[in-house]
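Below is one structure, written out as C-alpha cells, with a few remarks after it.
The values are calculated or read from the model by the stated rules, or taken from the named source; none is laboratory data. Because the structure is a prediction, the values reported are computed rather than measured. Positions of Cβ are generated from backbone atoms using ideal geometry, with glycine treated the same way; all protein chains shown enter the neighbour counts. Remember, those area values only see protein heavy atoms, side chains included, never the ligands or the DNA or RNA. Shrake-Rupley method; radii C 1.70, N 1.55, O 1.52, S 1.80 Å.
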Amino acid sequence: MSVSRHFIGYSAFASLTLFSSAAHAAVDSDGDAGGLPQFDPTWFASQVFWLAISFTLLYLVFARKTLPNISSAIDRRRQQIESDVETTETLTKEAEDVLEAYEARLKESQAAARLIITEMEQSLKKTAESSHDKFREKTDKTIAKTEKAIEDAKAKALKDVEGVAVEVAAATAKKLIDTDVDAKNIKSIVSSITKQSSASSPKKKTTKKAA
Amino acid sequence: MANPVQQFEIQPLIPLHIGQVDVSFTNSSLWMMAAVVLATVVLGMASKKRALVPGRMQMLSESLYEFIANMIRDNIGSEGRRYFPLIFTLFVIVLMGNTLGLIPGSFTYTSHLVVTLALALLIFVMVLIIGVIRHGFHFFSLFLPPGVPTWLTPLIVPIELISFIIRPVTLSVRLFANMVAGHIMLKVFASFSVSMAAAGSFWFLGAAAPMLFNTILIGFELLIALLQAYVFTVLSCIYLKDTIHIDH
C-alpha cells in the first residue's frame with residue numbers, strides 16, 4: 001500500500017517535470033501566440049514548474065499528515081460509537097432479563113398469595129360455620145329450656161289462678177247467696193272455663209314462632 | 001475600458017532560471033503557494049485536535065474527507081483507496097485555484113490552459129503507466145469493447161483510441177474555458193460599472209445595474225468554481241478506474 005502510494009507520488013512529480021521541459025521546448029519553436037495571455041508560451045515552463053512544486057508539497061503534507069489525522073479521528077469516533085452502541089445493547093439486555101425475572105417472581109408471589117387467601121377464606125368459613133352452629137345449638141337449647149320454664153311457670157300460674165278463682169268464687173257465692181258451695185263443683189266449672197280460653201292461645205303461639 | 005484579459009497576464013516577481021529554462025516565481029506561482037499554505041494550514045489545524053465531537057473546522061475537514069472518499073468509492077471502488085491522497089490533492093488544488101481566483105485582484109492559476117493541461121496529463125500519464133504495468137497488454141483491450149462484431153473492429157478501435165487520447169484535452173479545456181469565461185464576464189460587467197460611473201451624473205445612477213448583475217454573477221461563479229473542481233476530480237476518478245479493472 002505504502003510502496004504504491006509513494007510510486008504514485010513520484011510518478012506524479014516525474015510526469016509534471018517531464019511535461020515542464022516539453023513545454024519549454026514548445027516555447028523555443030512557437031514564439032508569440034498573441035491574444036489571450038494563456039497562449040503566450042513564455043511562462044509555460046514556470047507555471048508547470050511551480051505547479052509541480054505546489055502539487056508535490058500539498059500531496060506530501062496531505063498523504064503524510066492531514067489525511068491520516070482526519071481518518072484516525074473518524075475511525076476513533078466510529079469505534080467509540082460502536083462500543084457505545086454495544087454497551088447500550090448489553091445494558092438493555094440486562095435490564096430486560098431483570099424485568100423478566102421480576103415479572104416471573106411477581107407471578108409466583110401472586111399465585112402464592114392467592115393460595116394463602118383461599119386457604120384463609122376456607123378456614124375462616126369453617127370456623128365461622130362451626131361457631132355459628134355451636135351458637136345456634138346453644139341458643140336452641142337455651143330457647144327450649146326457657147320455653148319449658150315459661151310453660152311450666154304458665155301451667156303453675158294457671159293452677160294457682162284456678163285455686164284463687166275457686167276460692168274467690170266460693171267467697172263470692174257465700175257473700176251473695178250465703179251458702180257454702182261445694183269446692184269440687186266450683187273447681188270443675190273454673191277448669192272448664194280455663195280450658196276454653198287456653199284452646200285458642202297455643203295456635204297463636206305457633207304462628208308467631210314460624211314468623 | 002480596461003482590457004478584460006489583462007487579469008490573466010503573468011508578472012514575474014522573482015526571476016529564476018534553471019539552465020536555459022525560465023522558471024521565475026510569478027504571480028501565478030504566488031497564488032499556487034497561497035493555495036498550498038492556506039490548504040495546509042486550514043486542514044492541518046482542523047485535523048490536529050482529533051476531537052471526538054468535532055468543532056466547525058474539524059467538521060469541515062471531515063466532510064471534505066468523506067466527500068472525496070465517497071467519490072472514490074462510487075467511481076473507482078474499494079481498490080481506489082490507494083489514489084485517495086492524489087485525488088484529494090487534485091481536488092483541493094483545483095478548488096483553491098478556482099475559489100481564490102474570485103478574490104478581486106487575485107490571480108486564477110486554473111484559468112491557464114497549461115496548468116489544467118498539466119494536471120490532466122498527470123492523470124492521463126498515470127492511467128497509461130499504471131494501467132500497462134498492472135494489466136500488461138490486456139490494458140489495450142480498452143480500445144475494443146466486448147461484443148463488437150469483427151468487421152466493425154477497424155472502425156471501433158480508432159474511435160476508442162481517439163476518445164482515450166482526447167481525454168486530457170477535454171478535461172483541461174473544460175476547466176480552463178469555464179474559468180476564463182467567468183472571469184472575463186465579471187471583468188466586463190465591472191468595467192461597465194466603472195465607465196458608467198465616470199460618464200457623468202445621469203449615468204452614475206445606471207452604474208448600479210451592472211454592479212448588481214455582477215453581485216449575482218459572482219455567486220454563480222462561486223458555484224461554477226466548486227462544480228468544476230468536482231467535475232475535474234470525478235472525471236479523473238473515472239479515468240483512474242481503468243487502472244484498477246477493465247470491464248472486458
inquiry  = Tally up the residues in segment B:161-185 that are of a type outside the set (Lys, Arg) and in contact (Cβ under 8 Å) with a residue 40 or more places away in the chain, please.
reply    = 13
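Among the listed residues B:ALA208, B:ALA198, which satisfies the condition of being open to solvent by 70 Å² or more (accessible area, probe 1.4 Å) and either at pLDDT below 85 or more than 22 Å from B:PHE107 (Cα to Cα) (or both)?
Numbers: B:ALA208 fails: open to solvent by 70 Å² or more (accessible area, probe 1.4 Å).
Just one listed residue meets the conditions, B:ALA198.
Keeping to segment B:107-132, report how many residues are more than 28 Å from B:SER28 (Cα to Cα) and facing chain A (nearest Cβ under 9 Å).
Applying the first criterion (more than 28 Å from B:SER28 (Cα to Cα)) to segment B:107-132 yields B:128-132.
Restricting the remaining residues to those that are facing chain A (nearest Cβ under 9 Å) gives B:129-130.
Counting residues in segment B:107-132 that are more than 28 Å from B:SER28 (Cα to Cα) and facing chain A (nearest Cβ under 9 Å) gives 2.
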remark   = For segment B:11-29, the count of residues that are at the interface with chain A (Cβ under 7 Å from one of its Cβ atoms) and touching a residue at least 60 places away in the same chain (Cβ under 8 Å) equals 1
key: Elements of type helices (runs of 4 or more DSSP H) contained in segment B:79-168, each with 1 or more residues being open to solvent by 60 Å² or more (accessible area, probe 1.4 Å)   = B:113-135, B:153-165
inquiry  = Looking only at segment B:30-48, how many residues end up being open to solvent by 10 Å² or more (accessible area, probe 1.4 Å), more than 7 Å from chain A (Cβ to nearest Cβ) and touching a helix residue (DSSP H, G or I) at 6+ places or on another chain (Cβ under 6 Å)?
reply    = 1
query = Do any residues in segment B:108-125 that are closer than 11 Å to B:LEU90 by Cα have Cβ atoms under 6 Å from those of residues that are of a type in the set (Gly, Ala, Ser) and open to solvent by 10 Å² or more (accessible area, probe 1.4 Å), where the two are at least six apart or on different chains, and which pairs are they?
reply = B:LEU122/A:SER15
task = Would you mind stating whether A:GLU86 is under 26 Å from B:PRO54 (Cβ atoms) and more than 14 Å from chain B (Cβ to nearest Cβ)?
result = yes
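Here is a yes/no grid of residues against (1) without any contact (Cβ under 8 Å) to a residue 40 or more places away in the chain; (2) open to solvent by 60 Å² or more (accessible area, probe 1.4 Å); (3) farther than 28 Å from B:PHE176 by Cβ; (4) not in a helix (DSSP H, G or I):
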{"site": "B:LEU212", "(1), (2), (3), (4)": "yes, yes, yes, no"}
{"site": "B:THR215", "(1), (2), (3), (4)": "yes, yes, no, no"}
{"site": "B:GLU221", "(1), (2), (3), (4)": "no, no, no, no"}
{"site": "B:ILE224", "(1), (2), (3), (4)": "no, no, no, no"}
inquiry  = For segment A:71-89, check the following and say yes or no: at least one residue is part of a helix (DSSP H, G or I), of a type in the set (A, V, I, L, M, F, W, C) and open to solvent by less than 40 Å² (accessible area, probe 1.4 Å).
reply    = yes
remark   = With criteria (1) within 8 Å of chain A (Cβ to nearest Cβ); (2) open to solvent by less than 60 Å² (accessible area, probe 1.4 Å); (3) part of a helix (DSSP H, G or I), B:ALA51 comes up short on (3)
